[in-house]
1. How many percent of Cα pairs in the chain exceed 20 Å?
2. Listed here are the pairs K49/K85; K33/K61; K58/K122; K115/K140; which of them are more than 21 Å apart at the Cα?
3. With charges set only on the Cβ (+1 for Lys and Arg, -1 for Asp and Glu), what does the dipole of the chain come to about its Cα centre, in debye to the nearest 20?
4. Explain nothing, just the number: relative contact order of segment 112-185, from Cα pairs under 8 Å at least 6 residues apart, as a whole percent.
5. With a ≥ b ≥ c the root eigenvalues of the C-alpha gyration tensor of segment 79-184, is it rounded (a/c under 1.5), prolate (a/b larger than b/c) or oblate?
6. Find the relative contact order for segment 3-73 and round it to a whole percent, using C-alpha pairs within less than 8 Å whose residues are 6+ positions apart.
7. Normalised by the residues of segment 36-106, what does the relative contact order come to in percent, with Cα pairs under 8 Å and at least six apart?
Amino acid sequence: MSQADLLIEYFKRHPKRDIPHPEIVDWVTEEWKRQTGGVFRDPDRAIRKLHQQGLLIKVKKGIYRYDPEFVENREDLEDFSPKIKKEILERDGYKCALCGKGLKEGAELHIDHIKPKDKGGKATLDNGQTLCSECNILKKRYGTTDFLRKYSHKILKIARKYEDKEVIDFFEDILEVIKKHEKKA
Ligand SMILES: [Zn+2]
């Protein structure tokens, strides 16, 4: 049995109940020690991960709930249906919304959640965008802001080579905006 299995077992024993953090942490660390003799390190992280996987509902800070019906429905809520996928592809012209590469250029196209699933982003037309695998990986790895910064630098390099003033001005402004907002945060 893994640590995640043990955690979810406790939640499953108390379905649809709001379970405060100390209660589950105390139980799981003791139970883990009893069963394996080892120390359950960082239960907070394990709980957060279950939440990100859509197995637990975060009621508020430090309180989680397991609801079997929610778990059953999460696929429908979070994954794009074939119909919506097609609508997004058509709206985006079968091209990556970020770099513009399409099937003709040999790009493999994915449908991306603009607001990520684990932050409550739904599988709707508005929250979906077409991305090529390269941009998709960059976005997942760096997050939206970091991605935008990296992408802007990449474009600036090309634009400077061709001395394309309009594009240079635009992406220099973008980088300024990112800087300004990072100072605030
Ligand atoms: Zn792309």
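Read-outs throughout are calculated quantities, based only on the coordinates presented, and are distinct from any laboratory measurement. Because the structure is predicted, anything quoted here is derived from the model rather than measured. Backbone-built Cβ (ideal geometry, glycine too); neighbour counts: all protein chains shown.
1. 67
2. Over 21 Å Cα-Cα: K49/K85; K33/K61.
3. The dipole of the chain has a size of about 420 debye.
4. Reported relative contact order: 19 percent.
5. Oblate shape, in that a/c is at least 1.5 and b/c is the bigger or equal ratio.
6. On the way: 72 pairs, mean separation 28.4, N = 71.
Once divided by the residue count of segment 3-73, the mean separation gives 40 percent.
7. This gives 13 percent for segment 36-106.
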